[in-house]
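Below is one structure, written out as structure tokens; the observations come after it.
The values are calculated or read from the model by the stated rules, or taken from the named source; none is laboratory data. The structure presented is a predicted model; accordingly, all values stated were derived computationally and were not measured. No Cβ is skipped: glycine too gets one built from the backbone with ideal geometry, and neighbour counts run over all protein chains shown. Note: areas computed on protein heavy atoms with side chains; ligands, DNA, RNA excluded. Shrake-Rupley method; radii C 1.70, N 1.55, O 1.52, S 1.80 Å.
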Amino acid sequence: VQLQASGGGLVQAGGSLRLSCAFSGRTFTDYAMGWFRQAPGKEREFVASISRAATRTNYADSVKGRFTISRDNVKNTVFLRMNSLKSEDTAVYYCAARPSVTGATPATGYDLWGQGTLVTVSS
């Protein structure tokens, strides 16, 4: 099983990025997906999750209204659209998968993890 995250980079405050996470090796639609992030010196934190049928989404309060999680169950990919980026969004972003109908907020709820992609927001 492989989760391959991509799309990170350097962006100015107020800008946008779209992260992608390609899933392979198992049946994508058996898994709810999540995005987490970890800033230097801080613990990994929940960002967003999406159910396996894309009918339910959940967001951390800090990103609600700015970030959108989505998935393409044909291309086996989950996305995180990030708008109105702030310097405090700077972190390594990880995608994760759990064999369940819906996502979860604790990182311990996920079985599979991607390698992370770095997002740096300059102020």
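Observations on the structure shown:
- Counted by Cβ distance under 14 Å from Val47, the other residues give a net charge of +3, where Lys and Arg count +1 and Asp and Glu count -1.
- Using R0 = 25 Å, the C-beta based FRET efficiency linking Val74 and Ser123 works out to 0.05.
- Part-to-part distance (alpha-carbon centres) for region 56-110 and region 1-41, which is given in Å: 7 Å
- Cα shape, the chain, gyration tensor, a/c 1.5 rule: prolate
- Accessible surface, the chain, averaged per residue in Å² (probe 1.4 Å): 50 Å²
- Overall form of region 16-72 per C-alpha gyration tensor (a/c, 1.5; a/b vs b/c): prolate
- Here the chain has 45 percent of its accessible surface on carbon and sulfur atoms, given a 1.4 Å probe and all protein chains in place.
- Residue-count net charge about Leu19 - beta-carbon cut-off 14 Å; Lys, Arg +1, Asp, Glu -1: +3
- Chain lengthening between Thr55 and Arg18 when straightened (0.36 nm per residue, less Cα-Cα): 11.3 nm
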